[in-house]
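Asker: Quick one: structure below, then a few questions.
What follows is calculated from the coordinates using simple rules that are stated; it is not laboratory data. Just so we're clear, the structure is a prediction, and the values are computed from it rather than from any experiment. Don't worry about glycine lacking a Cβ; one is built from the backbone with ideal geometry, like all the others, and counts go over all protein chains shown.
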Amino acid sequence: MRKIRLWAAATCSALAVMASAAQAETLADALISAYRNSNLLEQNRALLRATDEDVAIAVAALRPVVQFVAESTYSFQRVRDNLTVGGPAQRFNVEDLNSSIALTASMTLYDFGRNALAVEAAKESVLATREALLQVEQNVLLDAVDAYVRVQLAQSIVNLRRNNLGLIEQELQAAEDRFEVGEVTRTDVSQAQAALAASRSDLTSAEGDLVVAREAYKAAVGRYPGDLAPRPTPPRTAASVEAARQVALRTHPQVRQAQRQVAAADLNVARAKAAMKPTINGEARVGLNDEGRESAAVGLALRHTLYAGGELSALFRQSLANRDAQKANLLQVGVNIAQNVGNAWSTVQVATAAIAAGDEEVRAARTAFEGVREEATLGARTTLDVLNAEQDLLDAQADRLTAEAQRYVGIYQVLASMGLLTVEHLNLGIPTYDPAAYYNAVKNAPATSAQGKRLDRVLQSIGRN
C-alpha cells in the first residue's frame with residue numbers, strides 16, 4: 001500500500017506539472033496575440049486601404065463624367081428708348097427668367113498616356129505601402145519577442161534576489177550566533193545587517209523592473225502575461241553574416257518598398273512630361289428649357305496649354321528631383337539594411353561569447369563562495385568575505401541570464417534584419433490579413449450595386465462596416 005501511495009503521489013505531481021505546462025503561455029501565443037491586437041497594424045492596414053483608393057481615383061479619370069445640370073437665370077436691364085417722337089427719351093425695365101435642365105457628359109479621349117501613367121503610378125504606391133505594412137508587422141512581432149524575454153528575465157532576476165535575501169538572512173543569523181559566543185565582533189554583525197538591507201533594496205528594484213516588463217508586455221501583446229512557458233528553440237537565420245546580408249538585400253520589405261517608390265517616381269516623370277502636351281476631350285449635352293425647347297449637342301475639344309506661368313516646367317523639374325531622391329533613398333536603404341544585419345549578427349556573437357564566459361564565471365564564483373563560507377565556519381574568513389563572495393556569485397548568475405536573453409532576442413533581430421520576421425515565415429498557423437482583398441474590390445472604381453455589395457463583404461471580412 002505504501003508503494004501504491006507513493007506511485008499515486010508521483011503520478012499526481014507529474015500530472016500537475018503537465019497541466020501547468022499546458023496552461024502556460026508560449027511565445028507563439030504571445031506572437032499571435034500581438035498580431036491580432038496591434039493597433040499599429042490596424043492603423044497601417046487602413047492607410048493601405050486609403051492608398052488602394054488612389055488606384056480607383058486614377059481609373060475614374062479614364063472614364064466619362066456624366067452630370068445633371070439644373071439652371072435658372074434671372075436677368076435685368078434698364079433700357080432707354082431714343083426713338084420717342086416729340087418728347088424726352090423713355091426708360092423702361094426688361095426682366096427675364098430662364099430655366100433649363102440638362103445632362104452633360106465629357107471624357108478624355110487622348111492625353112498622351114497621362115491618365116494611364118497615373119494609374120500605374122498609383123499601383124506602384126500600393127505595392128510600396130504593402131511593403132511598409134510588412135515592416136510594421138516585423139516590428140510588432142519583434143516587440144512581442146522582446147517583451148516576452150524581458151518578463152522572463154525580470155522574473156528570474158527577482159528569484160535570484162529572493163534567494164540572495166534568504167542566504168543573507170542565514171548569514172546574519174550565523175553572524176549573530178557567532179557573536180554571542182565571541183567568535184566574531186559587532187562589526188561582522190553590522191556588515192551582515194547592511195548587506196541584508198541592500199539585498200532588500202535590490203529585491204524591491206528587481207520587482208519594480210518586473211512590473212515595468214509586464215507593462216511593456218501588455219503594450220506589445222495586448223494583455224498582461226500569465227505563466228510564461230520556457231522559450232522554444234529560436235528559428236534558424238543564416239549560415240553567415242554575408243549570407244544574411246544577401247537575403248536582406250533581396251527580401252527586406254524596406255528595400256522592396258524603396259524599389260517601388262523609385263518605379264512610381266519614374267512614372268511620375270513621364271506624367272509630368274505628358275502634361276505638357278495637348279488633350280482631346282469628347283463632350284455631349286442634351287437639355288430642355290422652360291419653354292419646352294429641346295436641345296442636343298456633341299463635339300470634340302482640343303486643349304493645349306500654351307502658357308501657365310512656368311507651372312508645367314516646374315512640375316517636370318520637381319518630378320525629376322523626386323526621382324533622384326528616391327534613387328538615392330534606395331541606395332541608402334541598402335546601406336542601412338546591411339548595417340542592421342551586421343549589428344544584429346554581432347549582438348548574437350557577443351552574447352554567445354558572454355554566455356560561455358558566464359558559465360565559467362558562475363562555476364568559479366560558486367566554488368569560491370562555497371569555499372569562503374566553509375573557511376568562515378573555521379574562523380579563517382570574515383562575514384564580509386562571505387558576503388562579497390555571495391555577491392560575486394549573484395552578479396555572475398545575473399550576467400549569465402542577461403546574456404542568454406540578449407542572444408535569444410538577437411536571433412530574432414537577425415531574422416527581422418533579413419526581412420523574415422513575419423507570421424508566415426514563423427509558421428504561426430493563423431489566418432493573416434490579405435492586403436489584396438480590398439484592392440481587388442476597389443481597383444476598378446466600383447459604382448454599381450453588385451460591386452458595392454462585394455465591397456461590403458470585403459469590409460466585413462476585415463472587421464470594418
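Asker: Mind pulling the per residue volume of the convex hull built on the Cα atoms of segment 360-428? Å³ is fine.
Answerer: With only Cα atoms used, segment 360-428 gives 93 Å³ per residue.
Asker: Would you mind putting 38-48, 384-394 in packing order, based on average other-beta-carbon counts within 10 Å, highest first?
Answerer: 384-394, 38-48
Asker: Still on this model: Under the rule of at least 5 residues apart or a separate chain, name every residue whose amide H is placed under 5 Å from the amide H of L109.
Answerer: Sorted by chain and number, the residues that satisfy this are I280, N281, G282.
Asker: Mind listing the phi-derived Karplus ³J(HN,Hα) values for segment 283-292, rounded to whole Hz, using 6.51, -1.76 and 1.60 with θ = phi - 60°, and x for any glycine or proline?
Answerer: My calculation for segment 283-292 gives 9, 9, 8, 10, x, 8, 9, 6, 8, x Hz in order.
Asker: Would you work out which of A144, G113, G429 lies farthest towards the positive end of the dipole of the chain, given +1 charges on the beta-carbon of Lys and Arg and -1 on that of Asp and Glu, about the Cα centre?
Answerer: G113
Asker: Compute the Rg/Rh shape ratio of segment 46-182: radius of gyration over Kirkwood radius, all on alpha-carbon atoms.
Answerer: Computed over Cα atoms, the ratio is 1.69.
Asker: Could you give me the ³J(HN,Hα) list for segment 355-360, computed from phi with Karplus coefficients 6.51, -1.76, 1.60 and θ = phi - 60°, whole Hz, x at Gly and Pro?
Answerer: 5, 4, 5, x, 4, 5
Asker: Under the rule of at least 5 residues apart or a separate chain, name every residue whose amide H is placed under 5 Å from the amide H of T26.
Answerer: Amide H neighbours of T26: A229.
Asker: Follow-up. Over segment 124-173, how many percent of alpha carbon pairs lie in each 5 Å bin up to the one with the longest distance?
Answerer: P(r) for segment 124-173, in whole percents per bin: 5, 18, 11, 11, 10, 8, 9, 6, 6, 5, 4, 3, 2, 1, 0.
Asker: Take peptides 370-377, 434-441, 93-100 and line them up by average Cβ neighbours within 10 Å, highest first, as a rough protection proxy.
Answerer: 434-441, 370-377, 93-100
Asker: A further question follows. Per-residue ellipticity at 222 nm for the chain, helices alone: DSSP H runs ≥ 4 residues times -39500 (n - 2.57), over residue total, nearest 500 deg cm²/dmol?
Answerer: Details: 12 runs with 318 residues, N = 465.
Per the formula, -24500 deg cm²/dmol.
Asker: Cα extents of the chain along the three principal axes, largest first, in whole Å?
Answerer: Over the chain, Cα extents along the principal axes are 148, 60, 45 Å.
Asker: Sorting check: for 271-278, 175-182, 340-347, 123-130, which peptide has the highest mean count of neighbouring beta carbons within 10 Å, and how do the rest follow?
Answerer: 123-130, 340-347, 271-278, 175-182
Asker: Separate question: Using the alpha-carbon atoms, what tilt in degrees (0 to 90, nearest 10) does helix 114-180 show relative to the longest principal axis of the chain?
Answerer: For 114-180 against the chain, the angle is about 20 degrees.
Asker: Please list the non-local residues whose amide H lies under 5 Å from the amide H of S99, H modeled 1.01 Å from N, same-chain partners needing a gap of 5 or more.
Answerer: Excluding prolines and chain starts, which carry no amide H, the hits are T73, D290.
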